[in-house]
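Worksheet: the structure to be examined is printed underneath.
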Amino acid sequence: MLDEEQSKQLRIAGFGYKTLILSNIDTITGLLKIELPISDFNDSEHQEYLPRRKLKYGFIQYFQVDFILNDFDDFRTLLKDYNVDLMDKSNGIFSVELAGTYKKYYAGFNFGFANDGVYDHESLDIEFNTRQYGLHFGYNILNTKRLLATPKVAVKWNRYRLLNNDKEKKIPIEQYVIDRDLDLRFNQMTGFVGLNLSYKMYKFNFLPTDYWTMGLYGGYAFKMHDKPLVYSQGNRLTGNDKIGIENYNIGVHFSFNFEGL
């Protein structure tokens, strides 16, 4: 039955055939036999019905929290308990990652940070912050409508900065020369081998992406050099103390995924 408010037109198309359009037709009853002429393979009309090949590339925006357990106890004699207790307590790093995908392969760059300040020491303001830079590589062994599993390897540069300064904002210059402010920067390269496991969701996506995920990751972390590289404002500092790390590393992440064609 034809809708009187719509155009009385019937368009018939098939792969490998020329498209046929019947105009000004009335309601059809009974059997209608239509024969379509064969189309030339290179005809532009034929190309319209060729299947489109997917290149399977895309982009991912990750937000994640990294739980890294560090141990600065080797520095306790040198830096005192009030510094080392704060340094050992700083374990969570919030990071942002931009990644690209091609077929099943994945590569990304991440930047993470954490900042801890304590002001209950009798004479010092103490601040300890962490910066993390990383290169991540992975391969999707499972990619269904709901689940995504990606074994990954990563190289991370963790930079820790310890700052001490006098609580009194106005002090004699003689006192400052005797009790100098402390500014130490510890650099430690680490490697990581593990697995990302994500659950895909298509609703409640507040960014214009194809889907978003939430998930967990875990794996094995290891130091890539034994002793940290320690710097002050103008010097490379030497010593025998080491940063200990917990080898088992876990975290949570959210991602927003755009898949190209």
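The values are calculated or read from the model by the stated rules, or taken from the named source; none is laboratory data. Quick caveat: nothing in here was measured; it's all calculated off a predicted structure. Cβ coordinates were reconstructed from backbone atoms using ideal geometry, including for glycine residues, and neighbour counts include every protein chain displayed. These accessible areas exclude ligands, DNA and RNA; they are computed on the full protein's heavy atoms, side chains included. Shrake-Rupley method; radii C 1.70, N 1.55, O 1.52, S 1.80 Å.
So here's what we get for this one:
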quantity	calculated
Span per principal axis, largest first, for the Cα atoms of the chain (Å)	104, 38, 30
FRET E, pair Tyr248, Phe15, Förster distance 51 Å, beta-carbon r, rounded to 0.05	0.40
Alpha carbon convex hull of the stretch 169-217, projected area averaged over orientations, nm²	8.6
Helical mean residue ellipticity (222 nm; -39500 (n - 2.57) per DSSP H run of 4+; nearest 500) of the chain	-2000 deg cm²/dmol
Accessible-area composition of the stretch 135-221, carbon plus sulfur, in percent [1.4 Å probe]	66
Inter-label distance for Met224 and Asn205, nm, one decimal - labels placed 7 Å from Cα along Cα-to-Cβ	3.4
Longest site-free stretch - the chain; sites: chymotrypsin sites (Phe, Trp or Tyr not before Pro), DSSP loop, at most 11 other Cβ within 10 Å	120-201
Per-pair calculated FRET efficiency, R0 = 41 Å: Lys169 and Glu259 via Cβ, rounded to 0.05	0.15
Additional length obtainable on full extension of the chain from Phe137 to Leu31, 0.36 nm per residue less Cα span	32.2 nm
Ratio Rg/Rh [Cα only; Rh per Kirkwood] for the stretch 221-261	1.26
Share of alpha-carbon pairs per 5 Å distance bin for the stretch 92-161, given as whole %	4, 14, 18, 16, 13, 11, 8, 6, 4, 4, 2, 1
